[in-house]
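The structure appears below as structure tokens.
What follows is calculated from the coordinates using simple rules that are stated; it is not laboratory data. All of these numbers come straight from a predicted model, not from anything done at the bench. Reconstructed Cβ throughout: ideal geometry from the backbone, glycine too, with neighbour counts over all protein chains shown.
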Amino acid sequence: MEQRVADLERRLSALEGAYQPAPGPKEGDLWALEGLKEQLAELGAEAGGVLFTGSVRLPAGERYAWQHGALTDGLLDADWAESAEVFAALGHPVRLRLLREVLGGRRTAAELAELDGMGTTGQIYHHLRQLTGAGWLHTTGRGRHEVPAARVVPLLVALSTARN
């Protein structure tokens, strides 16, 4: 029995000496880009691609993890006019504030109408319809709105690109 315990202790010590935790991302590291380049090389995608990803916890407690990648050829060959409505919906300060407030936990038109500077109830409903039509919001019933899970990270990516 003593020999078995000694053998287990020796093996455990060897395993502990061999273990090195994986390094986390550091400022300036391009770990996501390097992973994308490896995948593109495996696909033979010479023109390249784009990747965006995020892990988000909203003020109301919801958590989202999301990633999306696309090949450059597909993006450059697409009809960009088809995306105009989606971008246009983000082109109004009140709509952007509505999205921010919904992400922050205000979900009903009544809650949104209580905010200063949002306009009349009719104007708020107009903006909510624009955001819903473009896919940035959806109605969950009883006049409640939410940003669809698949739109949370893309919305934050779009906002971050506007800041650079």
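See the values below:
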read-out	value
Ala134 long-range amide H proximity, modeled H, under 5 Å	none
In order through the stretch 137-150: 3J(HN,Hα) via Karplus (6.51 cos²θ - 1.76 cosθ + 1.60), integer Hz, x for Gly, Pro	9, 9, 8, 9, x, 6, x, 8, 10, 8, 7, x, 3, 6
Around Ala89: net Lys/Arg minus Asp/Glu count, Cβ-Cβ under 12 Å	+2
Distant-in-sequence amide H partners of His145 (H built 1.01 Å from N, under 5 Å)	Thr108, Thr140
Placed amide H near Gly119: partners under 5 Å, 5+ positions off or other chain	none
Phi-based couplings in Hz for the stretch 101-118 (Karplus 6.51, -1.76, 1.60; Gly and Pro marked x)	5, 5, 4, x, x, 7, 10, 9, 4, 5, 5, 5, 5, 6, 6, 5, x, 8
